[in-house]
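Accompanying notes for the structure given below.
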Amino acid sequence: MANKEKLFSEFQAPTTQEWLDKIEVDLKGADFQKRLVWRTNEGFNVQPFYRREDLKDLKAVDSLPGEFPFVRGNKKDNNLWFVRQDINAEDAKAANEKALDVLNKGVDSLGFRIPGDSVSKAFVATLLEGILPQYVELNFTTCQRHCVELAEILVAYFKEKDYPLAELKGSINFDPISKILAKGKDTSSLCAEVSPQLIKALEELPGYKCINVNSVALNNAGAYIYQELGYALAWGAEYLNVLTDAGVDATEAAKRIKFNMGVSENYFMEIAKFRAARLLWAQIVKQYEPKCDCACQMHVCAYTSEYNQTLFDSYVNLLRSQTETMSAALANVDSIVVTPFDKPYETPTDFAERIARNQQLLLKEEAHFDKLVDVAGGSYTIEHLTDAIAQEGWKLFLAVEEAGGFLAEALKGNITNAINESNTKRHADAAKRKEFILGTNQFPNFTETSEGKAPVATVCCGSVATDEALPRLNTARLASEFETLRLATEKAPKQPIAFMLTIGNLAMRQARAQFSCNFLAAAGYKVMDNLGFKTVEEGVDAALEAKADIVVICSSDDEYAEYAIPAFQYLNGRAMFVVAGAPACSEDLKAAGIENFINVKSNQLGTLKEYNAKLGI
């Protein structure tokens, strides 16, 4: 093996400019910036390709897994994460039975939601009967004022059972700031009052986190990625300040903080978000001069998003949560909770929970995502996105700090209002199909009905209820307004029929018929496509025979001048008349009395609401 030539050494690597020149040729005069550059909601642009030279100024790429600033993960030799399932523990015995069952089905992390008035030694003993905490991560959520009591009971229980306290891992979800955002209640006094007591109560359980940053609430309220990142950092820094001001050692304080973050469907951006979060959190904690770098590690439980889930075509939720789970796993988080696909409209069934568990198990057992550390590391695109998102998140973090800190901003309502504004914008973008929801405003299932399903109630009010109350996060899912529209249509005495009057140019009439069918089916209308008609009279007669409520003429822009007005006049008000497109002759058509047009620039939701009103729905 004397030949040591590098593979492909005879080929000269093209320069960036040569790539750009080739792209310009292939675009045939189209605008490079408009066609290929992605303008993100996070405030930066993403190029269609990256090269090694784009990373030359990024210092974080030189670090190794398990090393400060932990951008490449906290672990050095694996990417293991906990498969977590949350359980409603209103009934201790029933919750225990369910926990023991799911532990035999691949789960190794449990989350118990315990009512505050149920916290007692007997309740905890019943709840944890037969569960060995040295092998299972245990996480508890209860009333904020009962967290210390719960911590003391858990320590006593573990000691009584003679479990190895130093080996136990878990958390108690103490986060009074989240109540300010989600409930509009000022619970700020609990921060300094309870948090030091809670850390003291858990001092014999070094593996237990107890101060939580629940930025998943922002994700489920429609926050953009940079917002969740920036606010989560400020949120965590607020707790660090509270704890250190109360006399808690900075190292101990940092080690007790846990981040519960959401993960949305933006695949590469979410991978980059978690990497950027670890990078920035390590830098923040470092300023407190902890005794070891390990205190600078960020510990994250990732929850797949509820915001983008849908009631209709709900199995698409599986596709969304699967890519979200992949993002979180590849980003080296510590644990993952997959939201069951049916959560928007019912208490998740055993089947839905089983599928949610298996989504993670497939990534572990079949795809082996848990074997390799930082698979994304070294990807030019991911490394660039990590840096870009870190910069935008850091700007937001600094802005919050300069305004007085996260708690002060939360009490002013500024955090909630900012997220609610993003939610409002995203709903507006979905209405205009600038943000696609597969199965809802894009490619809806034409024949699906709700079959009695109804949306689970959410907090939809961002307004102030009383003079003392604070604004609350608006958690209305992105698809909620379309679902309300479609459910109203479904309850109407007659399902409206939208008939495609296809005529003229074959390619254009087919394209516009397909567009119109998708556009109108989003309201629950029965859509009827057709192969084409020789005359508009033939098409209108066929539509009336089909008892159509809406007739959509589908042709080319040039041919609308010939076909649209005769079709409209022949229909003579016997059904609503719609032109698919925005032809140059639109003003002439409007002058003739035609008032309904649908095209890619239409506000889909607003148009469909208008049509429902005209149809008496």
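The values are calculated or read from the model by the stated rules, or taken from the named source; none is laboratory data. All of these numbers come straight from a predicted model, not from anything done at the bench. As a convention, Cβ positions derive from the backbone with ideal geometry for all residues, glycine included, and neighbour counts pool all protein chains shown. The area values use the complete protein model at the heavy-atom level, side chains included, leaving out ligands, DNA and RNA. Shrake-Rupley method; radii C 1.70, N 1.55, O 1.52, S 1.80 Å.
Quick look at the values:
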| read-out | value |
| --- | --- |
| Index of the failed condition, Glu129 passing every other in (1) more than 15 Å from Ala89 (Cβ to Cβ); (2) among the charged types (D, E, K, R); (3) out of contact with any strand residue (DSSP E or B) (no Cβ under 6 Å at 6 or more places or on another chain) | (1) |
| Selection count, the range 174-201, where residues are outside any helix (DSSP H, G or I) and surrounded by fewer than 22 Cβ atoms within 10 Å (Cβ to Cβ) | 4 |
| The range 482-497 - residue that is part of a helix (DSSP H, G or I) and open to solvent by 70 Å² or more (accessible area, probe 1.4 Å) and, of those, nearest to Ala454 (Cα to Cα) | Thr484 |
| Filter result for the condition that a residue is open to solvent by 30 Å² or more (accessible area, probe 1.4 Å), small (Gly, Ala, Ser) and closer than 28 Å to Lys432 by Cα, over Ala561, Ala548, Ala523 | Ala561 |
| Residue check for Ala561: of a type outside the set (S, T, N, Q), touching an Asp or Glu at 6+ places or on another chain (Cβ under 8 Å), in a helix (DSSP H, G or I) and free of Cβ contacts under 8 Å to residues at least 60 places away in the same chain | yes |
| Selected residue (only one of Asp77, Asp117 is in a loop (DSSP other than H, G, I, E, B) and either open to solvent by 50 Å² or more (accessible area, probe 1.4 Å) or out of contact with any Cys (no Cβ under 8 Å at 6 or more places or on another chain) (or both)) | Asp77 |
| Neighbours by Cβ (under 7 Å, 6+ apart or cross-chain): first from the range 602-617, more than 17 Å from Val552 (Cα to Cα); second in a helix (DSSP H, G or I) and among the aromatic types (Phe, Trp, Tyr) | Leu605/Phe482 |
| Selection from the range 581-612 of residues that are part of a helix (DSSP H, G or I) and open to solvent by 70 Å² or more (accessible area, probe 1.4 Å) | Glu587, Asp588, Lys590, Ala591, Lys609, Glu610 |
| Condition met for Glu204 (over 16 Å from Asn139 (Cβ atoms), touching a Leu at 6+ places or on another chain (Cβ under 6 Å) and in a loop (DSSP other than H, G, I, E, B)) | yes |
| Candidates Phe82, Phe70, Phe140, filtered to the one that is in contact with a Cys (Cβ under 9 Å, 6 or more places away or on another chain), within 28 Å of Ile271 (Cα to Cα), among the hydrophobic types (A, V, I, L, M, F, W, C) and open to solvent by 20 Å² or more (accessible area, probe 1.4 Å) | Phe82 |
| Within the range 244-288, considering residues that are small (Gly, Ala, Ser) and more than 14 Å from Ala329 (Cα to Cα), the one surrounded by the fewest Cβ atoms within 10 Å (Cβ to Cβ) | Gly247 |
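Residue-by-condition table, conditions (1) surrounded by fewer than 23 Cβ atoms within 10 Å (Cβ to Cβ); (2) in a helix (DSSP H, G or I); (3) aliphatic (A, V, I, L, M):
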position	(1), (2), (3)
Gln309	no, no, no
Asp313	yes, no, no
Asn317	no, yes, no
Ser321	no, yes, no
Ile336	no, no, yes
Lys343	yes, no, no
Phe351	yes, yes, no
Asn358	yes, yes, no
Val373	yes, no, yes
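Yes or no, residue by residue, for (1) touching a residue at least 24 places away in the same chain (Cβ under 8 Å); (2) loosely packed, with under 15 Cβ neighbours inside 10 Å; (3) not in a loop (DSSP other than H, G, I, E, B); (4) not hydroxyl-bearing (Ser, Thr, Tyr):
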{"site": "Asp86", "(1), (2), (3), (4)": "yes, no, yes, yes"}
{"site": "Ala94", "(1), (2), (3), (4)": "no, yes, yes, yes"}
{"site": "Glu97", "(1), (2), (3), (4)": "no, yes, yes, yes"}
{"site": "Lys105", "(1), (2), (3), (4)": "yes, yes, no, yes"}
{"site": "Gly111", "(1), (2), (3), (4)": "yes, no, yes, yes"}
